Amino acid sequence: MSADRAETTGPYERVEIFDTTLRDGEQSPGISLNTQEKVEIASQLARLGVDVIEAGFPITSPGDFEAVQAISRTVSGPVVCGLARTQKGDIDAAWGAVKDAERPRIHTFISTSDIHIEHQLRTDRDDVRGQARAAVAHARELCEDVEFSPMDATRADVGFTAEVCGIAIAEGAGVINIPDTVGYTTPAEYTAYLTRLYELLPELADVRLSVHCHDDLGLAVANSFAGVLAGARQVECAVNGIGERAGNCSLEEIVMLLRTRRVDHGLDTGLETTEIARTSRMVSRFTGYVVQPNKAVVGRNAFAHESGIHQDGVLKERTTFEIMDARDVGLDSNQIVLGKHSGRHALKDALEQLGFVVEGNALNQAFKRFKELADKKKQVTSLDLEAIVSDEMREASQKYELAWFEVEAGTRREPAARVGVTTPAGEEVQGSSGGDGPVDAVFGAIQAAVDTRCELSRYLVSAVGEGDDALGEVTVMLRAHGRLASGQGVSTDIIEASAQAYVRAIANALDGAAVREAESVAADAASASPFPPGP
Ligand code: KIV
Ligand code: ZN
């Protein structure tokens with residue numbers, strides 16, 4: 001464990017939170033975060049107080065390397081960790097990306113299950129032992145803080161896993177993480193596995209044990225909790241539970257489970273839980289992964305009471321039907337309200353309270369958007385401010401922009417749309433199209449303007465806050481150039497928000513395709529091994 005972190009949180013023993021939103025979470029299909037968005041999320045994770053940020057898998061692409069490096073250089077507080085397979089090149093890349101962090105960590109992994117060893121790695125147990133030894137030894141030459149994971153551990157022979165973890169500890173790994181990679185285990189089985197591991201490998205008690213559970217059977221949080229009760233003092237999780245396939249253990253759920261029941265088990269995290277809702281909204285907005293209304297802790301209905309009996313009870317005494325206080329997770333708290341006459345200073349102050357440092361041109365732009373909004377809405381709330389600042393950030397980092405659109409539609413006329421899109425070269429390209437409705441026509445016109453065929457895979461509209469004058473937020477996920485990508489847009493006009501979201505999704509898809517092409521050209525030229533797919 002790191003010496004500068006307290007082992008306890010008040011009277012409770014501390015469980016460290018290792019956030020993998022930007023690594024395992026980012027491996028979810030259609031998520032395409034750019035470096036600026038990743039830095040923004042990492043800064044918010046630091047405000048939330050997570051102990052470790054797994055910022056990416058640096059060998060996988062130059063873009064991933066650049067983002068991990070940018071986070072290492074700008075975000076202070078948490079440990080910043082880079083993932084690496086056992087190959088020397090992976091470990092060198094991870095170190096290159098994290099070495100400027102205040103507290104860097106290298107996380108290296110190799111599978112210990114026979115099914116992976118035989119079919120994926122196409123090798124044998126002896127080679128796995130050797131690779132684990134060499135990887136941890138090399139990582140430790142570079143970095144003091146090294147984590148080792150035996151991938152697919154829960155489907156592996158516990159004796160062999162103990163042996164490989166023993167090698168990693170002997171070579172200097174300070175954290176041993178036991179992943180339920182395919183979300184297969186159950187709480188009782190995981191407890192038994194970890195208990196047996198402690199018996200077989202007494203040295204495990206000298207390092208930090210970590211758990212990393214996937215949600216394929218809906219047990220990621222339950223399994224992680226079982227792991228903590230069995231002795232783990234680090235939980236790997238992701239905001240909103242995003243991640244490979246069904247996702248990872250949800251950060252907000254495990255954190256609030258530990259907090260809500262801390263008196264019973266004597267364990268807690270060091271998180272500033274009032275930042276949870278804001279972090280969840282930011283991740284949802286940037287990834288395009290919308291949170292379901294009934295999602296525990298952060299869903300829109302997580303604290304809503306529909307039945308008369310419940311409403312009556314809560315009005316008399318909140319704890320009759322609520323086990324948590326919405327304010328403790330940042331819902332309904334610090335609701336800043338600005339009016340039409342609020343000035344630039346009031347806006348800057350409000351943004352700072354929300355954690356956004358916006359200055360210079362960005363502040364002018366945010367102020368312009370705020371004034372436009374204040375002309376249309378009676379009151380501009382913190383939720384609106386968050387939405388427009390995130391939208392501005394996206395606009396600034398995007399290479400294609402919606403310049404204008406026109407659309408005609410109605411029950412007595414065929415929909416027809418025309419659009420102008422500004423390209424990365426600064427030119428305006430135009431397109432027109434009919435469609436099944438006004439949104440479809442605008443989407444067709446955008447495809448014509450940028451000369452790209454797209455297949456729409458998801459289209460979601462939601463309101464920011466409440467009321468007739470609420471801002472509309474649109475998420476589009478589409479496939480173009482063989483790549484799934486998402487984009488978001490915010491406006492009081494749903495068609496405008498849809499058009500912005502569509503242009504941004506295409507821009508992300510084109511960007512991804514261009515990066516992939518550049519990577520494969522570079523890889524061919526260097527005759528080096530191509531960047532690996534994620535674990
Ligand atoms: O699920 C998994 O096994 C992983 C490892 C890289 C820790 O993500
Ligand atoms: Zn994983």
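The values are calculated or read from the model by the stated rules, or taken from the named source; none is laboratory data. Just so it is clear, the structure is predicted and the values come from calculations on it, not from any experiment. Positions of Cβ are backbone-derived with ideal geometry, glycine not excepted, and every protein chain shown enters the neighbour counts. Keep in mind that these areas ignore ligands, DNA and RNA; they rest on the heavy atoms of the full protein, side chains included. Shrake-Rupley method; radii C 1.70, N 1.55, O 1.52, S 1.80 Å.
Which lysines does K88 reach when only Cα atoms under 20 Å apart count, and residues fewer than 8 places away in its own chain are ignored?
Answer for K88, where 20 Å is the Cα cut-off: K99, listed by chain and number.
Express the relative contact order of the range 465-510 as a whole percentage, based on alpha carbon pairs under 8 Å and six or more residues apart in sequence.
It comes to 38 percent, rounded to a whole number.
Using only Cα atoms, locate the centre of the range 208-245 and the centre of the range 13-57, then give the distance between them in Å, rounded to an integer.
The distance from the Cα centre of the range 208-245 to that of the range 13-57 comes to 15 Å.
Could you provide, to the nearest whole Å², the per residue accessible area of the range 379-445 with probe 1.4 Å?
Per residue, the range 379-445 has 48 Å² of solvent-accessible surface.
Quote to one decimal, in nm, the extra length available between E395 and E372 on full extension: 0.36 nm per residue of separation minus the C-alpha distance between them.
Answer, rounded to one decimal: 6.6 nm.
Is there a pair in K340/K377; K348/K371; K295/K378 whose C-alpha atoms are over 19 Å apart, and which pairs would that be?
K295/K378
With every protein chain in place, what's the accessible area of E359 (1.4 Å probe, Å², nearest 10)?
Counting only protein heavy atoms, the figure is 110 Å².
Can you send over the solvent-accessible area of T320, 1.4 Å probe, protein chains only, in Å² to the nearest 10?
70
First check a/c for the range 336-395, with a ≥ b ≥ c the square roots of the eigenvalues of its C-alpha gyration tensor; if it is under 1.5, answer rounded, and if not, answer prolate when a/b is larger than b/c or oblate otherwise.
Rounded.
About its Cα centre, how strong a charge dipole does the chain have in debye, to the nearest 20, once Lys and Arg get +1 and Asp and Glu get -1 at the Cβ?
Dipole of the chain, to the nearest 20 debye: 720 debye.
Once the Cα atoms of helix 251-260 and of the chain are each reduced to a long axis, what angle between those two axes, in degrees from 0 to 90 to the nearest 10, is obtained?
70
Compare the peptides 46-54, 129-137 by average per-residue count of other Cβ atoms within 10 angstrom and give them in order, highest first.
46-54, 129-137
Hey, how many Å between the Cα centroid of the range 141-162 and the Cα centroid of the range 393-411?
48
Please determine, in degrees from 0 to 90 and to the nearest 10, the orientation of helix 382-397 with respect to the longest principal axis defined by the Cα atoms of the chain, where the helix direction is its Cα long axis.
Its long axis makes an angle of about 90 degrees.
Under the definition of Cα pairs under 8 Å and six or more residues apart, what whole-number percent is the relative contact order of the range 361-472?
18
If you count only protein heavy atoms and use a 1.4 Å probe, how large is the accessible surface of K38, to the nearest 10 Å²?
K38 exposes around 10 Å² with every protein chain in place.
Where a ≥ b ≥ c are the square roots of the eigenvalues of the C-alpha gyration tensor, would you call the range 398-522 rounded, which needs a/c under 1.5, or, failing that, prolate if a/b is larger than b/c, or oblate?
prolate
Can you tell me the convex hull volume per residue for the chain, based on C-alpha atoms, in Å³ to the nearest whole number?
169
Rounded to the nearest percent, how much of the accessible area of the chain (1.4 Å probe, protein heavy atoms only) is carbon and sulfur?
Carbon and sulfur atoms account for 49 percent of the accessible area of the chain.
Before anything else, pin down the relative contact order of the range 252-352: Cα pairs under 8 Å, at least 6 apart, normalised by residue count, whole percent.
24
Using the Cα gyration tensor of the range 164-276, with a ≥ b ≥ c the square roots of its eigenvalues, what is the shape: rounded (a/c below 1.5), prolate (a/b larger than b/c) or oblate (neither)?
prolate
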